[in-house]
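Q: Attaching a single structure in structure tokens format; questions to follow.
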Amino acid sequence: MVDQRKVIEALWFRLAKITELSFTASNGAGSGTDWRGHGRGQVEVSRCGELLLFDEAAQFTRSDGLKLPMRNRYRWGRLEHRVRLEHQRREEPVLLFELEPVTAHGLRQVAPHLCGRDRYTADLLLHGSEIELIWTIAGPHKEERLHYHYW
């Protein structure tokens with residue numbers, strides 16, 4: 001049986017130390033988007049009470065070579081046996097996932113995030129000092145995968 005509190009504590013400790021990120025975006029044949037490429041950037045972590053705020057600034061290079069600046073703000077919250085990941089849009093948090101431990105080094109969303117007809121799922125893996133977060137987005141016009149590495 002997985003000691004969920006221990007996994008959450010290990011994740012929380014690592015989240016607070018994150019300074020960099022890299023990611024790859026890919027899509028499948030059923031996708032109507034052109035969200036393909038890779039990015040790399042910096043993460044500024046700050047505390048707001050019991051929350052951790054991730055301010056991400058990266059450069060995304062599309063598959064056609066075009067370079068685009070990218071910014072995101074995420075909010076992590078710690079629950080007793082889970083963590084919450086929210087996207088800060090216009091200062092209003094949007095719940096993306098509650099993630100719960102499924103192994104000593106892995107967490108999975110409790111329920112998918114629904115946005116219109118799109119369904120978002122996520123897996124989070126702990127590797128030494130690195131965190132790997134893999135999102136999939138499936139919908140009528142989307143078949144995408146976002147693969148993040150944080151360290």
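The values are calculated or read from the model by the stated rules, or taken from the named source; none is laboratory data. What you are looking at is a predicted structure, and each value in this text was computed from that prediction instead of being measured. Neighbour counts are summed over all protein chains in view; Cβ atoms, including those assigned to glycine, are modelled from backbone coordinates with ideal geometry.
Q: Are there strands (runs of 3 or more DSSP E) fully within segment 106-151 with at least 2 residues that are within 14 Å of the chain's Cα centre (by Cα)? List them.
A: 106-109, 118-127, 130-139, 142-150
Q: Counting only residues that are among the aromatic types (Phe, Trp, Tyr) and closer than 26 Å to ARG82 by Cα, how many does segment 47-64 have?
A: Counting residues in segment 47-64 that are among the aromatic types (Phe, Trp, Tyr) and closer than 26 Å to ARG82 by Cα gives 1.
Q: Which of the residues that make up segment 98-120 are of a type in the set (Asp, Glu) and either in contact with a Pro (Cβ under 9 Å, 6 or more places away or on another chain) or loosely packed, with under 13 Cβ neighbours inside 10 Å (or both)?
A: Answer for segment 98-120, where residues must be of a type in the set (Asp, Glu) and either in contact with a Pro (Cβ under 9 Å, 6 or more places away or on another chain) or loosely packed, with under 13 Cβ neighbours inside 10 Å (or both): just ASP118.
Q: Out of the residues in segment 14-40 that are among the hydrophobic types (A, V, I, L, M, F, W, C) and assigned to a strand (DSSP E or B), which is nearest to GLU143 (Cα to Cα)?
A: ALA25
Q: Among the numbered criteria (1) assigned to a helix (DSSP H, G or I); (2) under 14 Å from the mean Cα position of the chain (by Cα); (3) of a type in the set (Asp, Glu), which single criterion is violated by GLU9?
A: (2)
Q: Shifting gears a bit: Return only the number of the condition from (1) exposed (fewer than 14 other Cβ atoms within 10 Å of the Cβ); (2) in contact with an Asp or Glu (Cβ under 8 Å, 6 or more places away or on another chain); (3) charged (D, E, K, R); (4) farther than 17 Å from LEU85 by Cα that GLU44 does not satisfy.
A: (4)
Q: In addition: Under 7 Å between Cβ atoms, which residue pairs at least 6 apart in sequence (or on different chains) link something in segment 129-151 that is within 15 Å of GLY41 (Cα to Cα) with a partner that is at pLDDT below 95 and of a type in the set (Gly, Ala, Ser)?
A: Close Cβ pairs satisfying both conditions: TRP151/SER129.
Q: Taking the condition touching a residue at least 24 places away in the same chain (Cβ under 8 Å), within 17 Å of LEU52 (Cβ to Cβ), within 13 Å of the chain's Cα centre (by Cα) and in a strand (DSSP E or B), does LEU95 pass?
A: So LEU95 does not fit the description; no.
Q: Does segment 71-97 hold any residues that are surrounded by 13 or more Cβ atoms within 10 Å (Cβ to Cβ) and either acidic (Asp, Glu) or within 16 Å of GLY37 (Cα to Cα) (or both), and which are they?
A: Matches in segment 71-97: GLU86 only.
Q: Just for segment 15-29: of the residues that are in contact with an Asp or Glu (Cβ under 8 Å, 6 or more places away or on another chain) and surrounded by 15 or more Cβ atoms within 10 Å (Cβ to Cβ), which one is farthest from TRP76 (Cα to Cα)?
A: The qualifying residue farthest from TRP76 (Cα to Cα) is ASN27.
Q: Check whether at least one residue in segment 130-146 is of a type in the set (Gly, Ala, Ser), exposed (fewer than 13 other Cβ atoms within 10 Å of the Cβ) and at pLDDT below 95, and report yes or no.
A: No, segment 130-146 has no match at all.
Q: Looking at (1) within 19 Å of ARG145 (Cα to Cα); (2) buried (at least 17 other Cβ atoms within 10 Å of the Cβ), can you tell me which one GLY32 breaks?
A: (2)
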